[in-house]
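Beneath this line is the structure, given in structure tokens, with notes to follow.
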Amino acid sequence: MANILHIDSSPRSERSHSRELSKEFITAWKAAHPEDAIAYRDLGRHPVPHVDEPWIAAAFSPPETHTPELTAAIRISDELIDEFLAADRYVFGVPMYNLNIPSTFKAYIDQIVRVNKTFAIDAQGGYEGLVEGKKAVIITARGGDFSTTSPFAAYDFQEPYLRAILGFIGLTDIQFINANSLNEGDATRTQSLAEARTAIEDLITQW
């Protein structure tokens with residue numbers, strides 16, 4: 001049995017393509033693997049707080065020195081990290097906003113990327129990811145075409161950033177399903193969503 005953490009980050013509900021596709025992935029996965037446990041977090045509707053000064057003070061000081069204020073400031077981060085590390089696999093639904101990820105998902109990443117929790121610094125000042133042996137599927141929804149063959153591929157800061165930051169904490173087994181061109185007319189959108197659904201069906205059998 002695997003523990004799967006499913007996260008959506010779009011503020012939209014039924015009009016969200018990333019939310020729709022991530023739900024379809026989870027539904028198909030549960031049908032094929034009914035014994036797996038699914039935890040769900042909706043960052044679009046229930047965002048986590050941004051990092052602030054008390055958070056930073058708490059994150060970079062020993063827990064035994066924390067005042068009640070610092071303990072409270074870091075509590076949500078502790079809870080999110082415990083939830084994240086308890087999962088074996090991740091399914092993220094992430095729309096593209098302004099060539100990158102929504103601020104809701106960035107706030108979440110800032111909460112879970114923490115020294116001595118999800119990464120470490122060695123004696124030489126190098127970085128070591130502490131999240132090992134896990135897998136992720138990231139399903140994105142983009143208004144334009146940012147695929148590798150598109151003239152706008154260089155504007156895709158979403159997939160490279162997510163690969164880099166998750167790789168930084170040790171999560172390198174990542175599959176992307178990118179639904180491109182969703183704002184380029186009904187026919188193009190229908191084709192793109194169909195291709196994404198085919199990719200989901202294929203991945204379910206291999207992941």
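A compact table of results
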| read-out | value |
| --- | --- |
| Candidate lysines for bridging to Lys30, where Cα separation is under 22 Å - those fewer than 8 sequence places away on the same chain excluded | Lys134, Lys135 |
| Cubic angstrom per residue, convex hull over Cα atoms of segment 78-207 | 123 |
| Net dipole in debye of the chain [+1 Lys, Arg Cβ; -1 Asp, Glu Cβ; about Cα centre; nearest 20] | 360 |
| Å² per residue, accessible surface of segment 129-207 at 1.4 Å | 50 |
| Accessible surface, per residue, of segment 4-102 when the full set of protein chains is kept, probe 1.4 Å, Å² | 52 |
| Cα-based convex hull, segment 115-161, per residue volume (Å³, whole number) | 137 |
| Helix runs (DSSP H) in the chain reaching 24 Å along axis by Cα, Kyte-Doolittle at least -0.5 | 68-86, 186-204 |
| Net charge over other residues, Cβ less than 12 angstrom from the Cβ of Arg41 (K, R count +1; D, E count -1) | -3 |
| Portion, in percent, of the accessible area of the chain that falls on carbon or sulfur, probe 1.4 Å | 53 |
| Radius ratio Rg over Rh of segment 38-116, counting only Cα atoms, Kirkwood formula for Rh | 1.00 |
| Given charges at Cβ of Lys, Arg, Asp, Glu: segment 48-169 dipole, positive-most of Leu70, Ser150, Thr104 | Ser150 |
| Fraction of alpha-carbon pairs over 14 Å apart in segment 135-207 - percent | 63 |
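The values are calculated or read from the model by the stated rules, or taken from the named source; none is laboratory data. Keep in mind it's a predicted model, so treat the numbers as computed, not measured. Every residue, glycine among them, receives a Cβ derived from its backbone with ideal geometry; neighbour counts consider all protein chains shown. Surface areas here come from the heavy atoms of the whole protein model, side chains and all, with no ligands, DNA or RNA. Shrake-Rupley method; radii C 1.70, N 1.55, O 1.52, S 1.80 Å.
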